[in-house]
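The values are calculated or read from the model by the stated rules, or taken from the named source; none is laboratory data. Just so you know, these numbers come straight off a predicted model, no measurement behind them. As a convention, Cβ positions derive from the backbone with ideal geometry for all residues, glycine included, and neighbour counts pool all protein chains shown. Only protein heavy atoms, including side chains, enter the accessible area calculation; ligands, DNA and RNA are left aside. Shrake-Rupley method; radii C 1.70, N 1.55, O 1.52, S 1.80 Å.
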Amino acid sequence: MKLKLIFLTVVLAISQLTLAQVKFEAKVSKNKLGINERLRIDFEMNKDGDNFTPPSFSGFTVVGGPNQSISNSWINGKRSYAKTFSYFLEPTKRGKFTIKQATIEIDGQTYKTLPVTVEVTGAVDKPKDGNDTDFLASENLHLVAEVSKADPYLNEAITVVYKLYVSPRISVSNWRELDSPKYSDFWSQAIDMKQLKIENGQYNGEPYRFVVLRKTVLYPQKTGKLNIEPLTLTVSVDVPTKRRDIFGGRLYSTVNKTVAAGNRTINVKPLPEKGKPDDFSGAVGSFDFEVTVNKTTLDATESLDAKVLVSGNGNLKLFDLPKLTVPNGLEQYEPEHNERVRTNLTGMGGNISDTYTLVPQYKGKYPIPSISFTYFDLKTETYKRITSDEIIINVKTGPDGGDVVTTNESAVRGKKPVTQTGNQFRFLKLNANLQPIQKDHFFKSTTFWVSLTAPLLAIPLFLFFGKRREQRLSDVSGNRVRKADKLARKYLSEAKKNLGNQKEFYIAMERALHNYLKAKLHIQTSEMSKDRIQRLLKEREVDDTVAIEFIALLESCEFARYTPSSSSAMQQDYDKASRVISTMDKQL
């Protein structure tokens with residue numbers, strides 16, 4: 001019987017402890033949301049507490065809360081209590097974020113919530129969470145991405161223009177980019193927007209004002225359906241309310257609204273295989289092609305430039321130029337690549353070129369064979385080929401090349417023939433008439449011992465001067481003083497050179513005086529008030545007359561900026577500066 005009573009007592013105690021257990025939890029409305037949605041997080045406890053401390057909400061902006069709610073209920077005679085702190089959060093960027101622990105004190109004990117991980121993705125087309133948003137702002141504010149072409153060819157330029165439409169019913173006071181598209185499958189170039197201009201237009205048949213926020217040129221680098229990610233903004237919107245002021249005017253409230261341009265999908269067509277040349281390098285657009293040289297007649301070992309140039313409109317930065325081939329008698333260096341390309345709403349335009357330096361080794365005539373450039377023409381949707389003319393290089397003077405190959409035959413074979421000139425192999429002299437070198441007994445001579453002992457004797461000197469040098473380098477204030485003193489002498493000398501040029505003379509004079517004060521009084525330019533200078537000079541026991549003359553020189557430099565001065569006055573100021581600095585040197 002006693003064992004049963006003990007058992008029942010233990011069970012009841014455990015039940016009471018379980019019922020009395022404190023719960024403090026963090027609950028989110030969703031664990032995955034778009035950057036243009038909002039998140040609600042509740043910190044809920046089953047017992048009242050004090051000193052609630054929320055986490056920092058890194059990666060989010062608090063747009064609402066904390067809102068506090070308390071609920072009490074009695075079910076079958078048992079009391080149920082819940083207290084909740086609620087926050088509404090707006091993401092600031094994409095990624096995975098951890099909402100850290102919140103804390104509260106209940107019955108003298110500190111309780112913490114578990115961390116919560118939330119993933120923020122790109123903007124969704126239709127935000128699912130409408131918590132704490134204004135319907136009027138949503139209906140009268142639109143961010144639109146206008147794509148120039150929905151079915152371009154591979155490497156054909158398209159443009160995306162982002163426009164923010166605002167209805168006359170509301171007004172926008174500010175906006176900022178919340179998330180920018182990545183364009184991972186495109187080559188992209190943003191068009192510089194020098195200034196934003198408000199224009200009038202229509203949206204869904206209704207009058208709107210709009211502003212173009214961004215223009216981007218895209219060249220698709222893959223075929224098939226490609227996604228253009230949305231641009232997302234957070235906008236401060238002034239929305240009219242039903243309330244009015246004492247004069248009958250409507251009152252406005254400001255709400256922060258997140259808008260996104262929406263995902264856009266384009267279908268990129270592959271370039272046709274029919275008629276595609278074997279040497280096609282990916283050029284798409286409308287182009288001209290030429291090969292030119294800066295001279296066709298020259299002497300051996302002189303250089304000439306051969307330029308391979310493509311100009312026009314298209315994907316100029318996204319293909320390779322054809323390579324120049326030359327006969328083996330011309331020495332060819334690596335080309336210098338040059339791009340003069342501008343990008344606007346129609347795409348890239350301009351020219352690209354490779355400039356080769358060629359140096360002929362022997363006299364003769366060298367043909368630079370013609371080369372071809374192929375591209376896909378978007379207007380006719382066909383492949384086109386442009387072939388350059390053959391160029392003859394005439395080398396008038398120079399060594400005879402013998403049997404030099406002057407066609408492209410050797411380049412095709414991948415071999416370069418050996419050339420022979422008349423004086424390539426010369427007669428080797430068999431009797432050299434060598435003379436014996438007179439013996440010099442260097443070992444154990446005076447020079448030998450001096451050379452041996454001099455480095456050893458120099459070691460203490462090196463150590464001594466090295467230590468002195470380290471001490472000098474570590475003396476920061478001393479180095480600063482020496483540098484300022486050196487600059488004072490330099491600028492005083494510069495002032496002497498500029499006698500007659502009022503502006504340059506007094507600028508150099510003022511710098512000389514300032515650097516002299518830095519060196520002698522250890523003060524900076526910002527501390528050089530006249531009263532402070534006089535006080536420091538007096539503390540250093542400089543005569544009052546000398547100090548007054550020094551201050552007068554500083555005033556002369558200041559007045560000279562605004563009043564003309566004669567050459568004789570400049571000479572007098574220079575002589576006075578030299579005398580005063582010399583006198584102060586002795587007294588300091």
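So how exposed is Tyr203, as accessible area in Å² (1.4 Å probe, rounded to 10)?
Near enough 60 Å² of accessible area.
Go through Asp320, Asp42, Asp354 and list them by solvent-accessible area, largest first, probe radius 1.4 Å.
Values: Asp320 115, Asp42 30, Asp354 10 Å².
Heavy-atom accessible area, descending, gives Asp320, Asp42, Asp354.
Taking square-rooted eigenvalues a ≥ b ≥ c of the alpha carbon gyration tensor, is region 273-367 rounded, prolate or oblate, where a/c under 1.5 means rounded and, failing that, a/b exceeding b/c means prolate? If you can, show how the numbers build up before the last one.
Numbers: a/c = 3.18, a/b = 1.97, b/c = 1.62.
Here region 273-367 falls in the prolate category.
From Cα pairs below 8 angstrom and at least 6 apart in sequence, can you work out the relative contact order of region 176-239, rounded to a whole percent? Could the numbers behind the result be given before it?
Numbers: 78 pairs, mean separation 31.2, N = 64.
Relative contact order here is 49 percent.
Once each part is reduced to its C-alpha centroid, what is the distance from region 82-99 to region 320-361 in angstrom?
First find each Cα centre; the distance between them is then 56 Å.
Restrict the search to region 180-239; then list the trypsin sites (Lys or Arg not before Pro) that DSSP places in a loop and that have at most 11 other Cβ atoms within 10 Å of their Cβ. Provide the component values of the computation, followed by the final result.
Numbers: sites: Lys182, Lys194, Lys197, Arg209, Arg214, Lys215, Lys222, Lys225; in loops: Lys182, Lys194, Lys197, Lys222.
Sparse-neighbourhood loop trypsin sites (Lys or Arg not before Pro): Lys194, Lys197.
From the backbone phi of region 256-269, what are the Karplus-calculated ³J(HN,Hα) couplings (6.51 cos²θ - 1.76 cosθ + 1.60, θ = phi - 60°) in whole Hz, Gly and Pro given as x?
Going residue by residue, I get 8, 10, 9, 10, 10, 6, x, 6, 10, 10, 10, 9, 8, 8 Hz, with x marking Gly and Pro.
If I compute solvent accessible area with a 1.4 Å probe over the protein chains, what percent of it on region 111-224 is carbon and sulfur?
Values: 2870 of 6240 Å².
Whole-percent figure for carbon plus sulfur exposure: 46.
Quick one: net charge of Leu309's neighbours, Cβ under 12 Å, K/R +1, D/E -1? Could the numbers behind the result be given before it?
On the way: positive: Lys307, Arg340; negative: Asp288, Glu290, Asp305, Glu339, Asp354.
Neighbourhood net charge equals -3.
Hey, got a sec? Which trypsin sites (Lys or Arg not before Pro) in region 40-111 land in a DSSP loop and have at most 14 other Cβ atoms within 10 Å? Spell out each step's value before the answer.
Details: sites: Arg40, Lys47, Lys78, Arg79, Lys83, Lys93, Arg94, Lys96, Lys100; in loops: Lys47, Lys93, Arg94, Lys100.
Taking region 40-111 and a limit of 14 other Cβ atoms within 10 Å, the loop trypsin sites (Lys or Arg not before Pro) found are Lys93.
Hey, got the dipole for region 190-240? About the Cα centre, +1 on K and R Cβ, -1 on D and E Cβ, debye to the nearest 20? Before the final figure, lay out the partial values.
Details: 7 positive and 5 negative charges, 57 e Å.
The calculation lands at about 280 debye.
When a/c reaches 1.5 or more, the comparison of a/b and b/c decides; with that in mind, is region 45-124 rounded, prolate or oblate per its Cα gyration tensor?
Numbers: a/c = 2.63, a/b = 1.94, b/c = 1.35.
Since a/c reaches 1.5 and a/b is larger than b/c, the shape of region 45-124 is classed as prolate.
Using a ≥ b ≥ c from the Cα gyration tensor of region 156-239 (square roots of the eigenvalues), is it rounded, prolate or oblate, where a/c under 1.5 gives rounded and otherwise the larger of a/b and b/c decides, a/b for prolate?
Working: a/c = 2.18, a/b = 1.97, b/c = 1.11.
Here region 156-239 falls in the prolate category.
Share of region 277-326's accessible area from carbon and sulfur, percent, 1.4 Å? Present the calculation step by step, with values, prior to reporting the outcome.
On the way: 850 of 2210 Å².
Its accessible area is 38 percent carbon and sulfur atoms.
Tell me which chymotrypsin sites (Phe, Trp or Tyr not before Pro) from region 280-383 have a DSSP coil assignment and no more than 14 other beta carbons within 10 Å of their own. All intermediate terms of the calculation are to be shown ahead of the outcome.
Details: sites: Phe280, Phe287, Phe289, Phe319, Tyr333, Tyr356, Tyr362, Phe373, Tyr375, Phe376, Tyr383; in loops: Phe280, Phe319, Tyr333, Tyr362.
Counting only loop positions with at most 14 other Cβ atoms within 10 Å, the chymotrypsin sites (Phe, Trp or Tyr not before Pro) in region 280-383 are Tyr333.
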